[in-house]
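The structure appears below as structure tokens.
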Amino acid sequence: MLEIERLVTGYNGVPVLQDVSLTLSSGEIVGLLGANNAGKTTLINSLSGMYAPMSGRILFEGKDITALTPRERVELGIVQVPEGRLVFPEMSVRENLLLGGINRRARPGRARQMEHVLELFPRMKERLSQDAGTLSGGEQQMLAIGRALMAEARLLMLDEPSLGLSPLFVQYIFGIIDKLHADGLTILLVEQNLNLTLRHAQRCYVLERGRVAIEGPADAIKDDPRTRSAYLGL
Amino acid sequence: MDEFLQALTQGLLIGSTYGLLALGMGLVYGVSGVVNFAHGDFIALGMFMCLALYSALSLDPYVSIIITVPVMMAVGALVYRYLLRPMVGYKFLMIVQLTLGLSLVLQNGILMVFGGQPARTPSVVESKLWILGDVVMRVPHVIAFVVSFALAIALYAMLRSTDFGRSIRAVHQNAHAASLTGIDVGRVQVLTFALGIGILAVAAALLLPGTPIQPTMGLRYTVITLLVVVLGGMTNFVGIMLGGLVIGISEAFGTIYLSDTLGMLLPYGIFVLIMLFRPQGLTWGAAR
């Protein structure tokens, strides 16, 4: 479904990602691991079209999307749940969800999609008219995922969904991720939490200083001694 | 007492339009961080366009809106797209300088076309009065009040309950997140700027009847708008309308109770006083 070919991305001419290649098949859940500053967020933002790559290509369903704008990518169904949730704090839960479905492809079916999302997150239904800024961290994460689903995501990219959440909420959120995966959604999971990701992802990539250091099935990554060293930056 | 009521009424009527001017500036600031120092010159441009339409087609300023609003919006969109957008992300002072430059260009452009003589644009309601008990109101002021509040309410409703309005608020609250939800941030900024200039075209017609116009008059409106916006809190809807009324009323009291020159100073004096004691602005954390 998604192919990244030798992507080089950076800021101000300094590359952060070097020659990153990655593939994702339809219906797969793939983990993207790595220490802080390994380039995980840069990669996910490159997929969202936030930066123009210095070289390389990104293909989505065989179509070259390297030059598409963020809006056009959302319209294709490539949707990100950003690190730190980034819900719109001074808007109600309902307005946040409506904005999630603002792209041209999702807009006609917004009412139906909203029901679907509220079924998935009953807690959001109780909070519909509450400002998003007043929600707890876990609730904001639910809202951020709900907002991304409103866009009728086909490739859902989650950036650090466990960050700053209580263990109970982490369990809940990963339960949701498993459920979405079971329903056939393709998921790219960016996480610092190694064990958590290995438990939920089918395959993993480990980034180390902007390069893919290791890739393979989750089980193999788990036992690979290089994984721990990539994490510790050794 | 008559004088007091008279001043209060006149201030309220004019202040509503000042509030409207400031809403346009606040909206633009909210989505793109641009403070437009040519704000008042766009008002002057709108007024001179009304004058031209009166000279050529004998159109009343209130009717001219049908033409001036779309034309000014188009001008606004082009100015944002080709002058301001390339500057967004640079230092704030660069944008200030650019819009100050734009202000001079507009002033001198108007001067070239219309000359420097003060001019007037007549309207059928210009000298009509509306007498309510002891208070005499000029009909153009009443129209300005009603239209300004109607537009402010329409803007508020648009921000609350349309996709475009929600996009504006989303870009204001977190432009990065807005972009990730599929909002074209650049497009929202261009359209908001155009909308802000379109509002000025309406305000120009509202302020025009009875007002002598000259090419350099824009600065006064820029300063008034800045006062209101700072009083109200840059992106605070209710605060801005309230700020408009405060400035309008102090201006009216200044002209009625004090001598001409001293009267002109009153709004600024009151502004300084309010800023000394309430540097956070008039309202209490009721941001939108």
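The values are calculated or read from the model by the stated rules, or taken from the named source; none is laboratory data. Not measured: the values here are computed from a predicted model. Note that each Cβ is placed from the backbone with ideal geometry, even for glycine, and that neighbours are counted across all protein chains shown.
Looking at (1) part of a helix (DSSP H, G or I); (2) of a type in the set (A, V, I, L, M); (3) in contact with an Asp or Glu (Cβ under 7 Å, 6 or more places away or on another chain), which one does residue A:59 not meet, given that it meets all the others? Failing condition for residue A:59: (1). Pairing residues of the range A:84-102 that are closer than 14 Å to residue B:175 by Cβ and in contact (Cβ under 8 Å) with a residue 40 or more places away in the chain with residues that are of a type outside the set (Phe, Trp, Tyr) and in a loop (DSSP other than H, G, I, E, B), at Cβ distances under 6 Å and at least 6 apart in sequence or on separate chains, gives A:86/B:174; A:99/B:181.
Within this structure, residue A:27 fails the test of being within 14 Å of chain B (Cβ to nearest Cβ) and either touching a helix residue (DSSP H, G or I) at 6+ places or on another chain (Cβ under 9 Å) or crowded, with 17+ Cβ neighbours inside 10 Å (or both). Taken over the range A:3-39, the criterion of being outside any strand (DSSP E or B), at pLDDT 90 or above and not small (Gly, Ala, Ser) is satisfied by A:28 alone. Working only within the range B:84-103, note down all residues that are surrounded by 14 or more Cβ atoms within 10 Å (Cβ to Cβ), more than 19 Å from residue B:191 (Cβ to Cβ) and over 22 Å from the mean Cα position of the chain (by Cα). Result: no residue meets the conditions. Within the range B:106-118, the set of residues being touching a residue at least 12 places away in the same chain (Cβ under 8 Å), among the hydrophobic types (A, V, I, L, M, F, W, C) and either exposed (fewer than 13 other Cβ atoms within 10 Å of the Cβ) or in contact with a Ser or Thr (Cβ under 9 Å, 6 or more places away or on another chain) (or both) comprises B:110, B:111, B:113.
Report whether or not residue A:197 is of a type in the set (S, T, N, Q), modelled with pLDDT of 95 or more and surrounded by 17 or more Cβ atoms within 10 Å (Cβ to Cβ). Walk me through how you get there before you give the answer.
Numbers: of a type in the set (S, T, N, Q): yes; modelled with pLDDT of 95 or more: no; surrounded by 17 or more Cβ atoms within 10 Å (Cβ to Cβ): yes.
For residue A:197, the condition - of a type in the set (S, T, N, Q), modelled with pLDDT of 95 or more and surrounded by 17 or more Cβ atoms within 10 Å (Cβ to Cβ) - is not met.
Of the residues in the range A:145-160, none is more than 14 Å from every other protein chain (Cβ to nearest Cβ), assigned to a loop (DSSP other than H, G, I, E, B) and either surrounded by fewer than 20 Cβ atoms within 10 Å (Cβ to Cβ) or of a type in the set (Val, Ile, Thr) (or both). Among residues of the range A:2-20 that are closer than 22 Å to residue A:63 by Cα, those with a Cβ under 6 angstrom from a residue that is of a type in the set (Phe, Trp, Tyr), sequence gap 6+ or separate chain, pair up as A:2/A:60; A:9/A:51.
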